[in-house]
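The values are calculated or read from the model by the stated rules, or taken from the named source; none is laboratory data. Because the structure is a prediction, the values reported are computed rather than measured. Here the Cβ is made from the backbone with ideal geometry for all residues, glycine too, and neighbour counts use every protein chain on show.
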Amino acid sequence: MKVIIFGVGGLAKVICEAIELEGSCEVAGFLDDGKKGKFLGYPILGKCSGYAAIFKKLKIENAIIAFGYYFLKERLFYCKDIAKRKNLKFINAIHPTAVISKSVKIGSGIYIGPRVVINPGARIGDNSVIWSGSIIEHDNVIGKNVFIAPGVATAGYVKIGDNSFLGIGATIVKATLGKHVAIGAGSLVLGDVPSNKYLLGNPARVIKTKDKISYV
């Protein structure tokens, strides 16, 4: 089974490594609108914008999005566009050192990094990203396209809305976060957060109302 990765940045590197280490899928190459040649020894097969023809030509059905947190608009576009195509599907890239309870429900198109811990009863939405060393406690509900930076910790029963961003080292306790929420690095969240807010600090406070098409 072969997969094509969208993007050639840092997230693409860790996704590629997770796929290689897991071993059930083979990387066919990458797509990127700005670069040509090779990336990590694999060919850059063409532009993301021309993906449909490339997948058809190579007879590949599997994809994963590797745009980083600067590219929420692009992530949303391609996640939606690919999902509409019956001949394509998203795969997951899960690092073999991640510890995931058997009762966790995981969607598709998800990256889970090294030494991530996801405990019983949690749910992870489609196309979300969970970076190295993060702890997702029991009975969390993580929405779609959520970006969780390294070292984040969430207490039990936390809920995080679609398209939200949790900065490196953030801690979330007894909270429900709305959609399009951004939590700054190192912040401590102790209560519910409305949609479209950017919070920072310990304890965290609202800094601004944010745009829906950017993570931060």
For region 25-36, does any single residue satisfy the condition of being of a type in the set (A, V, I, L, M), buried (at least 20 other Cβ atoms within 10 Å of the Cβ), out of contact with any Lys or Arg (no Cβ under 6 Å at 6 or more places or on another chain) and closer than 19 Å to GLY125 by Cα? no
LYS2 fails exactly one of (1) without any contact (Cβ under 8 Å) to a residue 60 or more places away in the chain; (2) surrounded by fewer than 19 Cβ atoms within 10 Å (Cβ to Cβ); (3) closer than 15 Å to TYR51 by Cβ, namely (1)
Given the options GLY41, GLY50, GLY109, GLY68, name the one that is at positive phi and either among the hydroxyl-bearing types (Ser, Thr, Tyr) or assigned by TED's automatic domain parsing to the domain that holds PHE6 (or both). GLY41
From GLU26, GLU74, GLU22, residue being under 18 Å from the mean Cα position of the chain (by Cα) and under 23 Å from ALA98 (Cα atoms): GLU22
Test: ILE148 is modelled with pLDDT of 95 or more, crowded, with 17+ Cβ neighbours inside 10 Å and closer than 22 Å to GLY186 by Cβ: yes
Checklist (1) assigned to a loop (DSSP other than H, G, I, E, B); (2) more than 16 Å from ILE130 (Cα to Cα) applied to GLY68, failing item: (2)
Return the only residue of ALA122, ALA182, ALA153, ALA204 being more than 25 Å from THR97 (Cα to Cα), modelled with pLDDT of 95 or more and under 19 Å from the mean Cα position of the chain (by Cα). ALA182
Residues satisfying the stated conditions in region 154-168, i.e. surrounded by fewer than 18 Cβ atoms within 10 Å (Cβ to Cβ) and over 15 Å from ASP192 (Cα atoms): ILE168
Looking at region 41-86, which of its residues are buried (at least 19 other Cβ atoms within 10 Å of the Cβ), among the small types (Gly, Ala, Ser) and touching a Gly at 6+ places or on another chain (Cβ under 7 Å)? ALA66
Collect the residues in region 1-32 that are modelled with pLDDT of 95 or more and of a type in the set (Gly, Ala, Ser), keeping them in residue-number order. GLY7, GLY9, GLY10, ALA12, ALA18, ALA28, GLY29
Filtering region 169-180 for residues that are aliphatic (A, V, I, L, M), farther than 18 Å from ARG115 by Cα and crowded, with 17+ Cβ neighbours inside 10 Å leaves a count of 3
Unique residue being among the polar types (S, T, N, Q), buried (at least 22 other Cβ atoms within 10 Å of the Cβ), at pLDDT 95 or above and within 25 Å of ILE5 (Cβ to Cβ) when the list is SER134, SER108: SER134
Scan region 163-183 and tell me whether some residue there is basic (Lys, Arg) and under 22 Å from HIS95 (Cα atoms). no
